[in-house]
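The values are calculated or read from the model by the stated rules, or taken from the named source; none is laboratory data. If you're wondering where the values come from, they're calculated on a predicted model, not measured in any experiment. Glycine also receives a Cβ, built like all others from the backbone with ideal geometry; neighbour counts cover every protein chain displayed.
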């Protein structure tokens, strides 16, 4: 069984056990198509989802009140890959990109993806021998994504224009 992290629980919403979550999908609306999620290995049936930008408000069977919802604060919400809707060509789940090597078209290795922050232009954070680097996936930066080889190829010039190194 392969799991994908689809959201992170931010906080309880109200007194009836609803959860406010940060969605790690292109659109929070996509969460409505997932019927079962897992938090800390425990399965929950999704009863209702209200999407709001990059956030969603989720009601899960078994989370009946604010106290139960509070216990889930800060935890990742996962779904089985087979329960997640297929993505259009050229779109990827964040879990598939995490761990990929990022290389320049010349073959120079830049780093390894440690996280992707969904935004209007996604922000990739890499770990490298030189430290941590973040870059926006702006137009022309990413040339190719090969999930089988776990390699993302970037245009070195565009990468340098949009990247920020942390020391």
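Restricting to the range 120-129, what's the tally of residues that are touching a strand residue (DSSP E or B) at 6+ places or on another chain (Cβ under 7 Å) and either part of a loop (DSSP other than H, G, I, E, B) or farther than 16 Å from residue 100 by Cβ (or both)? Spell out how you get there, then give the answer.
Our first condition is that a residue be touching a strand residue (DSSP E or B) at 6+ places or on another chain (Cβ under 7 Å); within the range 120-129, this holds for 121-128.
Next, from what is left, pick out any that are either part of a loop (DSSP other than H, G, I, E, B) or farther than 16 Å from residue 100 by Cβ (or both): 121-122.
Within the range 120-129, residues that are touching a strand residue (DSSP E or B) at 6+ places or on another chain (Cβ under 7 Å) and either part of a loop (DSSP other than H, G, I, E, B) or farther than 16 Å from residue 100 by Cβ (or both) number 2.
Name every residue in the range 40-84 that is free of Cβ contacts under 8 Å to residues at least 12 places away in the same chain and surrounded by 12 or more Cβ atoms within 10 Å (Cβ to Cβ), in order of residue number.
43, 50, 71
Got a number for residues in the range 106-115 being touching a residue at least 40 places away in the same chain (Cβ under 8 Å) and surrounded by 13 or more Cβ atoms within 10 Å (Cβ to Cβ)?
In the first step, residues of the range 106-115 are kept if they are touching a residue at least 40 places away in the same chain (Cβ under 8 Å); the result is 106, 108, 110.
From what's left, surrounded by 13 or more Cβ atoms within 10 Å (Cβ to Cβ): 110.
Total meeting the criteria: 1.
Could you identify the single residue in 49, 114, 59 that is more than 15 Å from residue 17 (Cβ to Cβ) and not in a loop (DSSP other than H, G, I, E, B)?
Numbers: 49 fails: more than 15 Å from residue 17 (Cβ to Cβ); 59 fails: more than 15 Å from residue 17 (Cβ to Cβ).
Answer to the check: 114.
Which members of the range 23-35 meet the condition of being in contact with a helix residue (DSSP H, G or I) (Cβ under 9 Å, 6 or more places away or on another chain) and surrounded by 13 or more Cβ atoms within 10 Å (Cβ to Cβ)?
Taking the range 23-35 first, the residues in contact with a helix residue (DSSP H, G or I) (Cβ under 9 Å, 6 or more places away or on another chain) are 23-25, 33-35.
Once the filter is applied, which keeps residues that are in contact with a helix residue (DSSP H, G or I) (Cβ under 9 Å, 6 or more places away or on another chain) and surrounded by 13 or more Cβ atoms within 10 Å (Cβ to Cβ), the range 23-35 yields 23, 24, 25, 33, 34.
Right, residue 5: outside any loop (DSSP other than H, G, I, E, B), within 30 Å of residue 131 (Cα to Cα) and touching a helix residue (DSSP H, G or I) at 6+ places or on another chain (Cβ under 7 Å) or not?
Details: outside any loop (DSSP other than H, G, I, E, B): yes; within 30 Å of residue 131 (Cα to Cα): yes; touching a helix residue (DSSP H, G or I) at 6+ places or on another chain (Cβ under 7 Å): yes.
Criteria met by residue 5.
Among the residues of the range 85-105, which ones are out of contact with any helix residue (DSSP H, G or I) (no Cβ under 6 Å at 6 or more places or on another chain), at pLDDT below 90 and either within 23 Å of residue 55 (Cβ to Cβ) or surrounded by 13 or more Cβ atoms within 10 Å (Cβ to Cβ) (or both)? Spell out how you get there, then give the answer.
Filtering the range 85-105 down to residues out of contact with any helix residue (DSSP H, G or I) (no Cβ under 6 Å at 6 or more places or on another chain) leaves 86-103, 105.
Then keep just the ones that are at pLDDT below 90; that gives 86-96, 98.
Hits for the range 85-105 are 87, 88, 91, 92, 93, 94, 95, 96, 98.
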